[in-house]
Structure formats: C-alpha cells, structure tokens
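Below is one structure; the comments refer to it alone.
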Amino acid sequence: MASWLVKTEPSTYSFDDLVAERKTLWSGVKNPQAQLQLRAMKKGDQVAVYHTGGEKAVVGTAVVTAAARPDPTDEDGKRVAVELAPVRPLAAR
C-alpha cells in the first residue's frame, strides 16, 4: 500500500468539505507530475490532505476508494481523477 499527498486550497475545497461529503472525486488536477501520481494511486492507498494558502499544513488523512478513471472535468479526456474518502482529521487545526 502506497502513501500519497494531495493539496487543496481550503477556500475552494477543504478537508471539512471532504468529511461532510463522505467521499469525493479528486478531479481538476492539471499538473503533469500530479497526474502521474493520480494514475499510480490504487484502492486502499493512504492519502495526506494538505491545505495551501494561509494554513499550509497537512490537516487530515484520507483513503483512495476507487483508482484512476477519466476526469469528467477534462474536455480533452486526457486527465484522470481518483475517488477519496476521509479517514480522520489531524489534531491542532
């Protein structure tokens, strides 16, 4: 089982949003290196969720619940997305 890091701007999508929704499709990732990592993620892999912006911290953990599939937000059909579910928030948020 591998471990990964995903980052997000909390004003756009926060770890609290992931907890509230109980799962999400991690889509809209355009960075080529990040796309390689998304393609390598497997169901059951652990994920650290990092908030960018003013917080700059790993704020929770998640698990990959479905491996890479086509990203529905990509009109060209070249990018992938993975499904994530929250595991737990980290202390001192």
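The values are calculated or read from the model by the stated rules, or taken from the named source; none is laboratory data. For clarity, every value in this text was computed on a predicted model and none was experimentally measured. Every residue, glycine among them, receives a Cβ derived from its backbone with ideal geometry; neighbour counts consider all protein chains shown. Heads up: the accessible areas ignore ligands, DNA and RNA and are worked out on the full protein's heavy atoms, side chains in. Shrake-Rupley method; radii C 1.70, N 1.55, O 1.52, S 1.80 Å.
Count Lys and Arg as plus one, Asp and Glu as minus one, and take only other residues whose Cβ is under 15 Å from that of residue 79; the net charge is then -1.
Between the beta carbons of residue 21 and residue 76, assuming R0 = 30 Å, the FRET efficiency works out to 0.70 to the nearest 0.05. Karplus-derived 3J(HN,Hα) values for the range 49-62, using 6.51 cos²θ - 1.76 cosθ + 1.60 with θ = phi - 60°, are 9, 9, 8, 8, x, x, 7, 6, 7, 6, 10, x, 10, 9 Hz; glycine and proline are entered as x. Listed by chain and number, the lysines whose alpha-carbon sits under 21 Å from that of residue 30, ignoring those within fewer than 8 places in the same chain, are 7, 42, 56, 78. Solvent-accessible area assigned to carbon and sulfur over the chain amounts to 53 percent, based on a 1.4 Å probe. Full extension of the chain segment joining residue 61 with residue 34 gains 7.9 nm, where the gain is 0.36 nm per residue of separation less the Cα-Cα distance. Taking a sphere under 11 Å around the Cβ of residue 11 and counting the other residues whose Cβ falls inside, with K and R at +1 and D and E at -1, yields a net charge of -3.
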